[in-house]
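Take a look at the structure below.
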């Protein structure tokens, strides 16, 4: 969902009964409070970009919300260094692995694409080594 940085859209979303219908929600252009906080619906865990507290990186443009009904032993947030424009979670069960990327691609920079390419190149075997590994790309590709 692209919130277009609108507080009213963000508040409308977090006040819905999302837990009943959605286990994973990828948010783009979310509304950040003046204190730098991101409101999250009840019963969800936030997955932020790992560089969010680094003043040298761009501001946070996205987040993944994971329903707390999903066992924390079945999924993990994966660190993608040096960017606030990519978040990733990996969900595993006994049969397969699913990776979900939430990607924000600003129209004035190729930094996100370069970071993602570098990350995937370094870790190819982790993502492409067998048929039981799946990837979902969610993004705002301006």
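Across the stretch 1-51, the relative contact order, built from alpha-carbon pairs under 8 Å that are at least six residues apart, equals 44 percent.
Each residue in 6, 18 was given a count of other beta-carbon atoms within 10 angstrom of its own, and listing them fewest first yields 6, 18. Does the stretch 42-123 classify as rounded, prolate or oblate by the C-alpha gyration tensor (a ≥ b ≥ c root eigenvalues; a/c under 1.5 gives rounded; else a/b over b/c gives prolate, otherwise oblate)? Since a/c reaches 1.5 but b/c is at least a/b, the shape of the stretch 42-123 is classed as oblate. Projected onto their three principal axes, the Cα atoms of the chain cover extents of 43, 38, 24 Å, largest first.
Throughout, read-outs are computed from the coordinates displayed, never taken from laboratory work. The structure displayed is predicted, hence computed values, not measured ones. We place every Cβ from the backbone using ideal geometry, glycine too, and count neighbours over all the protein chains shown.
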